[in-house]
Amino acid sequence: MNRNRAGIACIIVGAVLSISALLLLLYNRNEDNRAGQAAQMLWPDVQNAISQNIKESRGDSEDMTEMEIDGYGYIGYLSILPLELELPVISEWDGDYNRLQIAPCRQFGSTRSDDLVIAGHNYNNHFGRLSDLTEGDQVKFTDMDGEVSTYEVASIGVIASTDIEAVQDSEYDLVMYTCTYSGQDRVMVGCKRIL
């Protein structure tokens with residue numbers, strides 16, 4: 001009799017866990033789609049702002065031009081050619097992931113000082129497929145002044161989530177990174193400028 005109760009309890013717990021996993025999967029897919037739609041809706045606004053702001057000379061400043069769109073500052077957009085992604089980049093990360101739900105964010109640096117670090121959520125419509133890149137793939141960044149920087153992927157790896165120095169003090173001109181699906185580590189892509 002106790003075996004039957006234990007068996008029924010295990011079946012109920014298994015069913016509850018299966019339903020919970022399904023609901024979490026549906027929630028994550030919905031968040032991914034929402035984030036992708038938000039980025040795609042913003043991308044034309046960023047492009048339009050760039051075309052209206054193109055300057056003849058950017059000067060010697062290492063500061064990147066920032067323009068406000070829908071309450072957030074943007075520094076340009078990324079074109080990750082092999083992944084067929086074009087994503088606006090918010091000028092700064094807020095640390096609590098609200099901005100990352102809209103678009104990838106600059107964490108440090110600039111294209112002008114060749115030390116730009118961009119963080120993004122691991123949504124498939126954002127940085128979730130970074131690990132699919134291969135060495136030699138091209139990535140472009142267009143800033144708000146219309147300047148296009150072209151990079152080549154030089155390194156793809158996994159780093160500890162606490163290894164801030166790996167992204168901030170890297171040898172790369174552009175670093176893009178996101179959480180692994182477990183959230184324990186980070187996928188980091190290091191790029192070298194080619195143009």
**OP:** Quick one: compute the contact order of the chain, relative version, from alpha carbon pairs under 8 angstrom and 6+ residues apart, as a percent.
**Re:** 18
Subject >> Spacing of the two label points (7 Å from each Cα toward its C-beta) at residue 182 and residue 19, in nm >> reply: 3.0
Original post:
Out of the DSSP beta bridges found with both residues in the chain, what percent are antiparallel (nearest 5)?
Top reply: 90
Original post:
Helix 2-53 sits at what angle to the longest principal axis of the chain, using alpha carbons and giving 0 to 90 degrees rounded to 10?
Top reply: 10
Subject >> Placed amide H near residue 92: partners under 5 Å, 5+ positions off or other chain >> reply: 106
**OP:** Could you tell me whether the stretch 92-185 comes out rounded, prolate or oblate from its Cα gyration tensor? Rule is a ≥ b ≥ c as square roots of the eigenvalues, rounded for a/c under 1.5, then prolate if a/b exceeds b/c, otherwise oblate.
**Re:** rounded
Original post:
About the Cα centre of the chain, what is the dipole size in debye to 20, counting +1 per Lys and Arg Cβ and -1 per Asp and Glu Cβ, all else neutral?
Top reply: 1320
Subject >> Semi-axes of the equivalent ellipsoid for the chain, Cα gyration tensor, largest first, Å >> reply: 39, 19, 13
Original post:
Which of 62, 165, 31 moves the most in a Gaussian network model of the chain with Cα springs under 10 Å?
Top reply: 165
Original post:
In nm, to one decimal, how far is the modelled label at residue 113 from the one at residue 194, with both set 7 Å along Cα→Cβ?
Top reply: 2.7
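Bear in mind these aren't lab numbers, they're just calculated from the coordinates by the rules spelled out. None of these values were measured; they are calculated from a predicted model. Quick reminder, even Gly has a Cβ in these numbers, built from the backbone with ideal geometry, and neighbours come from all protein chains shown.
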